[in-house]
Amino acid sequence: MNARLVRQLVGLYPQEWRTRYGEEFYSFLETHPSNLRTVLNVIGGAMHERVLSLGRFKMDRRQNSLALMLYASLGALAAGINFYWTVDDTPLAAAMRNYLALFTSWNLVRAGSLLAFAAFATVGIPVFLTIVRTAFAAQRWDVVCRLAVPPCAALVTLAWMVAAARLSGGHWVPTPWDVTGAWTAPRDWPPLATRWALSSVTFVLMMAGTIVSAISVRQAIRRSDLSKRRRLWFAAPSMLLAGSIAVMAIGVLSWGWFVQQYAASDFHVRDGGLFSSTNFASWMASCIVFLAATVVAVKGARSALSLKTE
């Protein structure tokens, strides 16, 4: 096998693996023919090691707390978006104007979201600037590229939605909440099959972007030195984030309980749920994600509080 191909194949493996086995594996590959079976086996082994390496990387408590805050924030963001679009432009939105309890629960979610944003921004912005400044100083372009993943993923999803909307004449945006339901679609909307296909692509881009962003930023955090940051800098925002996401979860749960009391018929129809599910099913999905995000945020706060007093 020629040296150039060997370097490319060995480069597919994680850095930690290459440091330990790279030279030996390089010599081993040079003695083998460059047939398709050998190349595929090496690529498969590299993918396997990449997956295993995700669980082997150790982070200190500061990094772990920050990563958990990231996961909790992304989960709350996804649950909040689903909750908003489930209610928006449906009879449930009108019901909130008639029942104070519903409106209060909705505002509880809004207040929690503002507090969660403030908590994450308190840590996220300084950490982002610290990591970027350190990465540029050390020419760690791998870290810079990982931090660029979230905005790039968001831009790709937004560009897709804009392009798909233009292809449909600008009368319909391909969101997973506007496919079909117990309503008659406007005549200028694309056919139902087209709406299903385009909305599915949007959903896949959203999910993939969220997952890839979480993994990329976590790896950037792991590669950064946060030891100079004081305990309070992590503890206070993490506790605020955990409390705010818990408030959001309580708000969503109470909102569903009140809707069941005051507008049950609108709660169980298909007019705003994710991919034409009932509003109740879509609300339930948001509840589950909010509760999971709360658990993760609490773990992040506990990790921050366990730091030694400085």
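The values are calculated or read from the model by the stated rules, or taken from the named source; none is laboratory data. Just so we're clear, the structure is a prediction, and the values are computed from it rather than from any experiment. Backbone-built Cβ (ideal geometry, glycine too); neighbour counts: all protein chains shown. Note: accessible area is taken over every heavy atom of the protein model, side chains too, but ligands, DNA and RNA are not part of it. Shrake-Rupley method; radii C 1.70, N 1.55, O 1.52, S 1.80 Å.
Just the protein heavy atoms count here, and of the accessible area of the chain at 1.4 Å, carbon and sulfur take up 66 percent.
In a GNM of the chain with a 10 Å cut-off on Cα contacts, which of Q261, Q219, Q63 has the highest mean-square fluctuation? Of Q261, Q219, Q63, the most mobile in the Gaussian network model is Q261.
Ranked from largest, the principal axis spans of the Cα set of the range 1-140 equal 77, 36, 23 Å.
Between L155 and I81, the distance separating the two model label sites (each 7 Å from Cα on the Cα→Cβ line) works out to 1.7 nm. Annotation: average projected area of the range 129-278 is 12.2 square nanometres, based on the convex hull of Cα atoms across all directions. Once Rh for the chain is found with the Kirkwood sum over Cα pairs, what is the Stokes-Einstein diffusion coefficient at 25 °C and 0.890 mPa s, in µm²/s? So the translational diffusion coefficient is about 110 µm²/s.
In this structure the chain gives 55 Å² per residue of accessible area when probed at 1.4 Å with all protein chains present. Between D188 and N98, the simple label model (points 7 Å from Cα in the Cβ direction) yields a spacing of 3.1 nm. Given axes a ≥ b ≥ c from the Cα gyration tensor, I'd like to know whether the range 215-295 is rounded (a/c under 1.5), prolate (a/b larger than b/c) or oblate. Because a/c hits 1.5 or more and a/b fails to exceed b/c, the range 215-295 counts as oblate.
Here is what passes the span test in the chain: the DSSP H helices with alpha carbon length of 24 Å or more along the helix axis and a Kyte-Doolittle mean of 0.5 or above are 61-87, 100-138, 141-167, 192-222, 231-262, 279-305.
For the chain, a Gaussian network of Cα nodes joined below 10 Å ranks P151, P14, P191 by mean-square fluctuation, and the top entry is P14. So, in nm, how far is label Q261 from label L5 when the simple model puts each one 7 Å beyond its Cα toward the Cβ? It is 7.2 nm.
Rank M47, M69, M206 by mean-square fluctuation in a GNM of the chain with C-alpha springs under 10 angstrom and give only the top-ranked residue. Top of the fluctuation ranking is M47.
Across the range 165-272, the relative contact order, built from alpha-carbon pairs under 8 Å that are at least six residues apart, equals 34 percent.
Short-range pairs are left out: with C-alpha atoms under 8 Å and at least six residues apart, the relative contact order of the chain is 32 percent.
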